[in-house]
1. Would you mind checking the stretch 100-116 for residues with the amide N under 19 Å from a putative spin-label position 7 Å along Cα→C-beta of A163?
2. Considering the options A64, N153, G108, tell which one lies farthest towards the positive end of the dipole of the chain, charges being +1 on Lys and Arg and -1 on Asp and Glu at the Cβ, about the Cα centre.
3. For D109, put the label point 7 Å out on the Cα→Cβ axis and report which residues of the stretch 13-38 keep their amide N under 15 Å from it.
4. Can you give me the distance in nm between label points at K18 and K2, each placed 7 Å from the Cα along the Cα-to-Cβ direction?
5. Any chance you could give the angle, 0 to 90 degrees and rounded to 10, that helix 143-162 forms with the longest Cα principal axis of the chain?
6. Among 144-157, 12-25, 118-131, 82-95, how do they line up from the highest to the lowest mean number of other beta-carbon atoms within 10 Å?
7. If each DSSP helix of 4+ residues adds -39,500 (n - 2.57) and the sum is divided by the residues in the chain, what number results at 222 nm, nearest 500 deg cm²/dmol?
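Every number in this text was worked out from the coordinates using simple rules, so none of it is lab data. Please read all numbers here as calculations on a predicted model, not as lab measurements. Backbone-built Cβ (ideal geometry, glycine too); neighbour counts: all protein chains shown.
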Amino acid sequence: MKPLTEREIRAAFVNCTKGEAKRLSVPRDLGDRPWEDLDYLGWRDPLAPGRAYLVAELDGRPRALALRCPGLSARTARRSMCSVCVTTRTGGVSLMVAPKAGKAGRQGDSVGIYLCGDLACSLYVRGRQDPGPGARLHETLTTEEKILRTVANLSAFVAKVTA
Ligand SMILES: [Zn+2]
């Protein structure tokens with residue numbers, strides 16, 4: 001994806017208030033991120049362990065989502081599959097919940113997704129990061145096909161949150 005600045009990321013949030021988007025923690029090392037190998041940029045909030053964020057491009061525009069990880073404290077060693085990159089891992093996948101954008105979100109509507117807890121799907125898909133013992137990727141696909149699938153899965157999620 002195209003490198004983004006902190007300002008662009010803060011302006012791209014769709015499902016939290018402007019004040020929250022201004023205050024939340026954005027990584028300080030944006031200049032060092034491997035943007036060309038990222039389908040989305042995801043990070044956990046270092047100050048709030050139950051919160052995570054991701055920014056992806058949808059229809060050519062960056063969209064950023066605020067996520068909550070309700071199951072964090074009860075993280076088990078269960079095998080589960082990330083619904084974005086389709087990596088099956090033991091203990092490394094978290095249920096994340098995104099309040100919907102706009103009125104629906106203010107009324108409490110949200111969308112849940114099982115996602116790699118470290119939000120590093122792009123690196124697993126490209127083999128740049130090891131998902132750990134017991135992990136499994138669908139090996140019949142080429143890396144290019146896995147990337148396309150990852151982007152499609154993520155876009156569908158972002159579209160659901162912004163719908
Ligand atoms: Zn993943």
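1. Under cut-off, by backbone N: 100-115.
2. Looking along the dipole axis, the top candidate is G108.
3. 15-16, by backbone N distance to the label point.
4. It is 2.3 nm.
5. Orientation of helix 143-162: about 30 degrees from the principal axis.
6. Numbers: 144-157: 17.4, 12-25: 15.4, 118-131: 19.2, 82-95: 21.4.
The peptides rank, most packed first, as 82-95, 118-131, 144-157, 12-25.
7. Numbers: 5 runs with 42 residues, N = 163.
That calculation yields -7000 deg cm²/dmol at 222 nm.
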